[in-house]
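Remarks on the structure that follows.
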Amino acid sequence: MEFGISYREVPMTSDGKPDWARIATAVSSKTKMAYIQRSCGYAWRRTLTIEEVGRIVQLIKQQNPKVICFVDNCYGEFSEVQEPTQVGVDLMAGSLIKAPGGTIITTGGYVAGRADLVEQAACRLTAPGLGSFLGAGFELRLLFQGLFLAPQMAGEAIKGSHLISYVFDQLGYPVTPPPTTPRGDSIVAIKLGSPEKMIAFCSAMQKQSPVGAYLEPIPGEMYGYKDEIIMAGGTFIQGSTSELSADGPIREPYIVYSQGGTHWTHMAIALESIIDRVGSA
């Protein structure tokens, strides 16, 4: 709003799917960009598939082919055969301390897509006229090595998400996405039903972390969120949810979001501890 930008949102349907009818009429004469959030965030819905992203882009472009279609691709990288820019998206962005960094890049993010739009983003990040000429602000070896490792790390995290989804479904908890269904990212959400179980889940996961296992997570205020947040993340890189981690807002119906894991076997070990603390529904 400080930049004079207005915003309208097309909410998901009650069953957590795109509202195709509303999307097909959402573009107005003022619309410059359509922003698509692929992952679920702190919402009880499944992640958008690449097929769905492509269909959204098609509906937007039918109304106005000049509208820029932008995707927040965070958590979704390497989870499917294609990426958003292969189905008509003009620009996408994500975090390098999540999937595309392969768990070794220590900071940063990426933008990819149409060259002129990437350059505009680079000019906003650095300085007008300099843009991408300045290049990356950290060691390039980590950038490329992390990208090389990324598909394997994403695969391990997705296998871990299948495992935790299956186990908590068997324990009687609602989970999304359901066990064995195709994934659009590495996140699995578990509806635990109480703040005590959320705290117990995160505490047990923290104790199985490679860093800071002696620490006890507690809910706290965090900028940008209206609820207290609890996070478990004893990771080698601070904030790297591509490593074993879990978090969520302390609000009804008390959902914890588990993501990441460089080895699905690490998730299996952590699950034993989590089940002991949380128990069945």
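Couple of notes before you dig in:
- The condition (being of a type in the set (Val, Ile, Thr), under 22 Å from Ile274 (Cβ atoms) and free of Cβ contacts under 8 Å to residues at least 60 places away in the same chain) is satisfied by just one residue among Thr176, Thr180: Thr180.
- Here Asp169, Asp185 are screened, and the one residue that is assigned by TED's automatic domain parsing to the domain that holds Leu271, among the acidic types (Asp, Glu), under 27 Å from Thr49 (Cβ atoms) and modelled with pLDDT under 95 is Asp185.
- Condition met for Ile97 (among the β-branched types (Val, Ile, Thr), part of a loop (DSSP other than H, G, I, E, B), farther than 27 Å from Val53 by Cα and modelled with pLDDT under 95): no
- Filtered residues of segment 105-123 (kept if under 17 Å from Ser95 (Cα atoms) and either surrounded by fewer than 17 Cβ atoms within 10 Å (Cβ to Cβ) or of a type outside the set (Phe, Trp, Tyr) (or both)): Ile105, Thr106, Thr107, Gly108, Gly109, Val111, Ala112, Gly113, Val118, Ala121, Ala122
- Here Ser161 clears all of (1) of a type in the set (Ser, Thr, Tyr); (2) outside any helix (DSSP H, G or I); (3) crowded, with 19+ Cβ neighbours inside 10 Å except the condition numbered (2).
- Residues being among the small types (Gly, Ala, Ser), loosely packed, with under 13 Cβ neighbours inside 10 Å and either touching a residue at least 24 places away in the same chain (Cβ under 8 Å) or at positive phi (or both) - total across segment 14-40: 1
- Whichever residue in segment 41-63 is within 26 Å of Val175 (Cα to Cα) and among the polar types (S, T, N, Q) and, among such residues, is surrounded by the fewest Cβ atoms within 10 Å (Cβ to Cβ): Thr49
- Segment 154-191: number of residues that are at negative phi, out of contact with any strand residue (DSSP E or B) (no Cβ under 6 Å at 6 or more places or on another chain) and of a type outside the set (Val, Ile, Thr): 18
- Boolean, Lys191 is within 13 Å of Ser258 (Cα to Cα) and not hydrophobic (A, V, I, L, M, F, W, C): yes
- With respect to the conditions (1) more than 30 Å from Leu149 (Cβ to Cβ); (2) crowded, with 20+ Cβ neighbours inside 10 Å, Glu2 lacks only one, and its number is (2).
- Candidate set from segment 245-271 (those that are free of Cβ contacts under 8 Å to residues at least 60 places away in the same chain and part of a loop (DSSP other than H, G, I, E, B)); member that is nearest to Glu196 (Cα to Cα): Ile250
- Against the numbered list (1) at pLDDT below 95; (2) on the phi < 0 side of the Ramachandran plot, Gly261 comes up short only at (2).
- Test: residue in segment 45-53 that is in a strand (DSSP E or B) and closer than 23 Å to His162 by Cα: no
The values are calculated or read from the model by the stated rules, or taken from the named source; none is laboratory data. Every value quoted in this text rests on a predicted model; they were computed, and no experiment measured them. Every residue, glycine as well, gets a Cβ built from its backbone with ideal geometry; the counts of neighbours run over all protein chains shown.
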